[in-house]
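Have a look at the structure below before the remarks.
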Amino acid sequence: MSLRRFIPLFDRVLVRRVIPEAKTKGGILLPEQAQKMPNEGVVVATGKGLRTESGEFMPCAVKEGDKVLLPEFGGTKVTIDDQDLFLFRDSDILGTLE
Amino acid sequence: MSLRRFIPLFDRVLVRRVIPEAKTKGGILLPEQAQKMPNEGVVVATGKGLRTESGEFMPCAVKEGDKVLLPEFGGTKVTIDDQDLFLFRDSDILGTLE
Amino acid sequence: MSLRRFIPLFDRVLVRRVIPEAKTKGGILLPEQAQKMPNEGVVVATGKGLRTESGEFMPCAVKEGDKVLLPEFGGTKVTIDDQDLFLFRDSDILGTLE
Amino acid sequence: MSLRRFIPLFDRVLVRRVIPEAKTKGGILLPEQAQKMPNEGVVVATGKGLRTESGEFMPCAVKEGDKVLLPEFGGTKVTIDDQDLFLFRDSDILGTLE
Amino acid sequence: MSLRRFIPLFDRVLVRRVIPEAKTKGGILLPEQAQKMPNEGVVVATGKGLRTESGEFMPCAVKEGDKVLLPEFGGTKVTIDDQDLFLFRDSDILGTLE
Amino acid sequence: MSLRRFIPLFDRVLVRRVIPEAKTKGGILLPEQAQKMPNEGVVVATGKGLRTESGEFMPCAVKEGDKVLLPEFGGTKVTIDDQDLFLFRDSDILGTLE
Amino acid sequence: MSLRRFIPLFDRVLVRRVIPEAKTKGGILLPEQAQKMPNEGVVVATGKGLRTESGEFMPCAVKEGDKVLLPEFGGTKVTIDDQDLFLFRDSDILGTLE
């Protein structure tokens, strides 16, 4: 079953966590990076976004393929195609990594 | 008494939980899937949706027949026609499964 | 004193709880139905509904005569004409039973 | 000093509690009515109502002279002209009794 | 320094507490009036009122010189010209006494 | 470094606390004034004010040079040019002293 | 990897903390400055700002290069290019230092 199967709802963002490249090249390191879950990730899919009072959707601030910096806590673990992925709210993602 | 008998109110969604197909084909697995309640389900019926300040209903993001991924917690159990079904709020459903 | 005497205010709904018909015909059963209070009821009267910022009333989603499914908890008991009736908020009623 | 002296502010409602007429004629009885404070009352005076963002007052849902059913708890006791009266918020009053 | 010196901000109301006139003439009595602080007062000054989202001020419901009934609790004590006065929020004052 | 260096953000107000003039002339005294921090102050600088949903700033109710009465609690201490100053929210300041 | 790599989301502000210049020239000192983290900083990058109900972004009150005074608590530590930087919400920054 390809990953396209799962479409998050509303302002949820599906993220695959990645280990930052080689340490020496100065990847983005969160304190005590190695032991803990990597805080970098790539956006796999996003929902339509938050819905306003008038019923319109405000698109998520991140989009598929974006590299993102994740908060230390939070995120719902979802295993899709035997891969561990994580659902975050759009507003909980710290920033994007160009 | 056919299932049509029960119409959820507002943004409630009536869901029948389903066990994901064969494990090997890579169904959607939530951690330790087997022991716990299946987190996949099918939408049986939805309410008109949330009501805005102006009195209009914002339709639910999911519709009857959608395959959905459910949060690990929450949901109100309702037994209809001797079947255990579950009521979720539209905004608590994680995503849809195409 | 006829039941017409009591008119709920705002989004309150006055409900008479009913025991679902014969079990075999598949009435709506909430878990361990028999011992606990029946969760099915009939709407006896409704208030004008919630009031918006502009002062208009948004009518209740249920109306007099509707069969409804009630949440397991909540509801204020009111004894009218020696009958035990219950006041629920419109938004707390789970759904209607056609 | 006549009762007119006291005018509640905003959505406050001044109520005199009354003991429901003779029991046999089926007054409105709240569980274990006799021992506790009567939950029936008559509206003595109301404030202008809640104020909206635009500064207008939304009149109270009840008016002077209405018979009302009061919640079991809440209400601020005020003694006026040696009479014990009670201040309720308009939205806390359960309903009116015609 | 005359009392004009102090102008409350926003929806604050400056009140001087007064002991209700002679008991027999039926002043407004709160339960166990004598021992506790008098709950009657006179408005000394008011702020411009609450500010709405559009930046306008909604004038206080009470004005200088009004006789008011105060809640049993709350109020910030301020000593001005060696007099103990009290600051209340406009919305916490129970009502006016004509 | 002159005091102009520090500009508070949003609805923050920078205040220098002052000891009220001679006691006999009836300065504004808060209970047990001497031992505690003086509750009178002078506004040194204000932010642009709170921002509304439409992005405009609602100017602070106090302005530079105003004499103000401060709440007993709250306020963030900031030492500028070796002087202890305090940051208050505009809405926490009790009133102005003409 | 240059610092431009990281773009904060929404109203987040990326700040590098700085030790205020020489003490004698009267840098901005927060109480017991030396032992604790410096409360002065320079803005490295800002997000687009808070999003309103209509979906527009309200730009941050601070911009890249601004010298800012930080609250004693709060801020998320992020290590970029082996430098410790901190993420604050725009509304938590106390003020700017010209």
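What are the pairs with Cβ atoms under 6 angstrom where one residue, in the range C:57-70, is at the interface with chain B (Cβ under 9 Å from one of its Cβ atoms) and surrounded by 18 or more Cβ atoms within 10 Å (Cβ to Cβ) and the other, located anywhere, is in a loop (DSSP other than H, G, I, E, B) and among the small types (Gly, Ala, Ser)? Sequence gap at least six, or different chains.
Within 6 Å, the pairs are C:MET58/B:GLY55; C:MET58/C:GLY49.
Pick from the range C:71-98 the residues that are of a type in the set (S, T, N, Q), more than 29 Å from D:GLY49 (Cβ to Cβ) and away from chain B (no Cβ under 11 Å): which of them is surrounded by the most Cβ atoms within 10 Å (Cβ to Cβ)?
C:THR79
Looking at the range F:4-14, is at least one residue modelled with pLDDT under 95, under 23 Å from E:PRO8 (Cβ atoms) and either over 16 Å from the mean Cα position of the chain (by Cα) or hydrophobic (A, V, I, L, M, F, W, C) (or both)?
Taking every residue of the range F:4-14 in turn, none turns out to be modelled with pLDDT under 95, under 23 Å from E:PRO8 (Cβ atoms) and either over 16 Å from the mean Cα position of the chain (by Cα) or hydrophobic (A, V, I, L, M, F, W, C) (or both).
Looking only at the range B:18-64, which residues are of a type in the set (A, V, I, L, M, F, W, C), in contact with a Lys or Arg (Cβ under 7 Å, 6 or more places away or on another chain) and at pLDDT 90 or above?
Within the range B:18-64, B:VAL42, B:VAL43, B:VAL44, B:PHE57, B:MET58 qualify.
The values are calculated or read from the model by the stated rules, or taken from the named source; none is laboratory data. Because the structure is a prediction, the values reported are computed rather than measured. Reconstructed Cβ throughout: ideal geometry from the backbone, glycine too, with neighbour counts over all protein chains shown.
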